[in-house]
Each structure stands twice: as structure tokens, then as C-alpha cells.
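Worksheet for the structure shown next.
The values are calculated or read from the model by the stated rules, or taken from the named source; none is laboratory data. These figures come from a predicted structure and were not determined experimentally. Note that each Cβ is placed from the backbone with ideal geometry, even for glycine, and that neighbours are counted across all protein chains shown. Surface areas here come from the heavy atoms of the whole protein model, side chains and all, with no ligands, DNA or RNA. Shrake-Rupley method; radii C 1.70, N 1.55, O 1.52, S 1.80 Å.
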Amino acid sequence: MKNYTYRIIIEPDGKFFHAYVPALSGCHTFGKTIAKAKKQAKEAIEVYIQSLLEHGERVPQDNSFESFETIEIGRPNRIYA
């Protein structure tokens, strides 16, 4: 057995939460709650990877990283010519 680790991005989408896996093209799902979206995404990853393996395809790795940056923007300078 081999372990795979992937980032799951979860975003509000109306009354639901949209979850997707950037490293696995087309791997998207949703849930009514964040917890449900996360669970659905984990199941989608499992099915996705199993399908790749069954078809002899390469399993992508998630080599990306995530960074959160906070910026402070003051009042814009208004310059009129």
C-alpha cells in the first residue's frame, strides 16, 4: 500500500461548499458543510487514484506549496492630471 497526500481547497459556493484538488485535474466535488465537502473530496481522490492505477497511468504528486499573505492597503492616493 502507498500513501498519497494532496491539498484540498474548499470554498463557499452558494449554500454549499465546493472542494477541489489542484494537483488532480478535474477532481471536484461539493458538500453542504465543510466537513462533508472534505469527506467527499477524500473519496473523490481515492476513486481518481484507483482509476489512474487501474489504467496504468502515472499518479501525479502534489509538489506545490501554499502561502497565505496579508497585505495592508491604505487609502489610495488620488492624483488628477
Query raised in the report: Normalised by the residues of segment 15-56, what does the relative contact order come to in percent, with Cα pairs under 8 Å and at least six apart?
Result: 32 percent
Report task. Go through segment 1-56 and name the trypsin sites (Lys or Arg not before Pro) that are in a DSSP coil and have 15 or fewer other Cβ atoms within 10 Å of their Cβ. Result -> K2, R7, K15, K32
Query raised in the report: Sorted by accessible area (1.4 Å probe), largest first, how do E54, E72 line up?
Result: E72, E54
Query raised in the report: Taking Cα pairs under 8 Å and at least six residues apart, what relative contact order does the chain come out at, in percent?
Result: 21 percent
Query - Degrees, to the nearest 10: 34-54 long Cα axis against longest axis of the chain - result: 50 degrees
Query - Magnitude of the charge dipole, the chain, Cβ model with Lys/Arg +1 and Asp/Glu -1, debye to 20 - result: 320 debye
Query raised in the report: Tell me, what is the per residue accessible area of the chain in Å², probe radius 1.4 Å?
Result: 89 Å²
Query raised in the report: Per the 1.4 Å probe, what fraction of the accessible area of the chain, in percent, lies on carbon and sulfur atoms?
Result: 53 percent
Report summary line: segment 54-76 scanned against label point 7 Å out from S25 along Cα→C-beta; backbone N under 16 Å for 57-63
